[in-house]
1. For the condition of a type outside the set (A, V, I, L, M, F, W, C) and touching a Ser or Thr at 6+ places or on another chain (Cβ under 6 Å), what is the one hit in Arg433, Arg423?
2. Can you name every residue in segment 194-224 that is open to solvent by 20 Å² or more (accessible area, probe 1.4 Å) and in a strand (DSSP E or B)?
3. Looking at Gln396, Gln356, which one is open to solvent by 10 Å² or more (accessible area, probe 1.4 Å) and over 23 Å from the mean Cα position of the chain (by Cα)?
4. Applying the selection to segment 165-195, what residues are touching a residue at least 60 places away in the same chain (Cβ under 8 Å) and more than 22 Å from the chain's Cα centre (by Cα)?
5. For segment 256-269: of the residues being open to solvent by 10 Å² or more (accessible area, probe 1.4 Å) and either at pLDDT below 95 or not in a loop (DSSP other than H, G, I, E, B) (or both), which is nearest to Lys230 (Cα to Cα)?
6. I need a count of the residues in segment 151-193 that are farther than 19 Å from Tyr318 by Cβ and outside any loop (DSSP other than H, G, I, E, B).
7. For segment 283-311, give me each residue that is in contact with a strand residue (DSSP E or B) (Cβ under 6 Å, 6 or more places away or on another chain) and either among the polar types (S, T, N, Q) or closer than 18 Å to Val337 by Cα (or both).
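The values are calculated or read from the model by the stated rules, or taken from the named source; none is laboratory data. Computed from a predicted model, the values in this text were never measured in an experiment. Every residue, glycine among them, receives a Cβ derived from its backbone with ideal geometry; neighbour counts consider all protein chains shown. For the accessible areas, the whole protein counts, side chains as well, though only heavy atoms, and no ligand, DNA or RNA atoms are used. Shrake-Rupley method; radii C 1.70, N 1.55, O 1.52, S 1.80 Å.
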Amino acid sequence: MKQYLGLFLENYIPQDLNTTIEILKDEIIAEMLNLESKFTSSKPVNTISSQIRSCSKWIRAGETIVGNELNTHLNDLERIAIIGIDTLYVVDRYNDKTRLQIFPNGCLVGHTLWNEFDSIILIDENATICTASYNGYIQLIPNIPVDARWKQNGVTVAGGHGKGSATNQLYWAEGFFVDDNQTIVIADYWNHRIVQWKMGDTNGQVVAGGNGRGNRLDQLNEPTDVLIDKETHSLMICDQNNRRVVRWSRRSGTTQGEILIDNIACRGLAMDDQRDLYISDVEKDEVRRYQIGNKNGTIVAGGNGEGTGLNQLNSPTYIFLDQQQTVYVSDWDNHRVMKWNKGAKEGIIVSGGHGQGNALTQLSNLQGLFVDTLGTIYVADSRNNRVMRWPRGAKQGTVIVDGNGEGEGANQLHWPVDLSFDRHGNLYVADQRNNRVQRFSIE
């Protein structure tokens with residue numbers, strides 16, 4: 001039997017998380033209120049808690065974990081699971097929301113990964129987390145160990161045949177999105193199109209644009225970022241030089257997009273579980289949150305003019321949004337990553353911020369970024385042709401990919417623009433000037 005956090009299932013659940021998610025999607029759409037009653041709980045919560053208590057020195061919720069005092073309060077304990085040697089996952093109710101916390105390696109204070117109304121949380125034995133909200137939003141969160149290493153020779157999974165417009169080529173890979181099936185959609189900058197590459201394909205498929213540079217609804221003009229909106233089965237695209245964000249259906253036969261937001265110098269995109277869009281504006285030096293249908297938006301980072309202050313940004317590029325709606329911003333010309341908590345009036349420097357350079361304390365014109373469940377930040381350090389990792393609270397980063405100088409070898413990068421991870425923890429990098437996307441397998 002596989003053990004899942006949030007629901008403990010046997011027999012009914014296939015031995016495959018993707019299939020589990022498909023079942024959840026059907027249940028969420030059809031009858032979310034009756035979801036939990038449709039599954040057979042293998043063991044009551046109290047029984048499971050007692051077993052964890054006996055095997056892990058768990059004395060009582062809120063007092064002792066693995067022999068250490070727990071400096072946080074737990075409410076209405078629902079589920080407990082231990083993955084690996086001593087990483088503890090706890091689900092409780094907090095302010096009428098379902099909260100998931102992680103306590104890695106005997107850590108005394110939990111790190112909140114998820115805190116939403118009416119949500120379901122599952123986790124497999126590899127600690128890949130699946131969250132499902134009652135609005136139908138489902139998200140996979142990969143588990144990446146803090147000391148993870150990746151093979152230094154990358155494998156080309158898109159492009160890699162020189163710059164060009166053929167179906168096996170890219171011309172400056174920019175922002176991209178990896179879905180749960182490891183399908184990649186890429187903003188193909190100079191080809192003014194969005195291209196989709198399924199795992200193992202030698203040729204991509206144009207799924208938006210591709211009709212030359214222009215501002216018609218069937219055209220794009222130097223797109224810089226793209227994401228998949230699973231609920232509407234569509235793409236959200238930063239159509240940078242048309243100064244607009246467009247939505248383009250992924251359904252067969254779609255020939256044009258629709259404008260969602262215009263008059264914006266957009267660069268990066270993110271979406272939360274309420275399907276609000278977060279968009280960076282490189283001219284106004286700000287990030288705004290937009291509800292679909294509302295073209296005004298609310299400032300969530302920057303918005304105080306260009307500058308180096310903690311309440312300012314200087315040409316923000318890519319952004320990352322965690323489950324708490326914390327916004328992480330690649331502050332391009334300040335050579336730093338800024339973290340803006342929800343509702344904050346100023347940000348916190350969490351990577352870089354020591355001027356432009358190639359020391360381990362520095363970044364140089366960074367772009368894509370990713371933050372994992374432990375709060376570790378991964379950065380595409382573009383001008384330094386490397387990918388950096390900055391653990392939570394670290395004063396300097398470590399190079400996890402490249403460090404071999406600019407080049408086109410399997411162990412080299414030339415101006416990495418964006419990065420992401422699949423559910424297995426494999427690293428993907430948009431290697432812009434080599435006109436390819438590389439995958440670096442986790443070891």
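1. It is Arg423.
2. Residues satisfying the conditions are Gln196, Gln205, Val206, Val207, Arg213.
3. The conditions single out Gln356.
4. Matches in segment 165-195: Gln169, Leu170, Tyr171.
5. Leu269
6. Residues meeting the conditions: 7.
7. Within segment 283-311, Asp285, Glu286, Val287, Arg288, Thr298, Ile299, Val300, Ala301, Gly302, Gly303 meet the criteria.
Yes/no per residue for (1) at pLDDT 95 or above; (2) open to solvent by less than 10 Å² (accessible area, probe 1.4 Å); (3) under 30 Å from Asp147 (Cα atoms):
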residue: Tyr278; (1), (2), (3): yes, yes, no
residue: Val282; (1), (2), (3): yes, no, no
residue: Tyr318; (1), (2), (3): yes, yes, yes
residue: Val329; (1), (2), (3): yes, yes, yes
residue: Gln362; (1), (2), (3): yes, no, yes
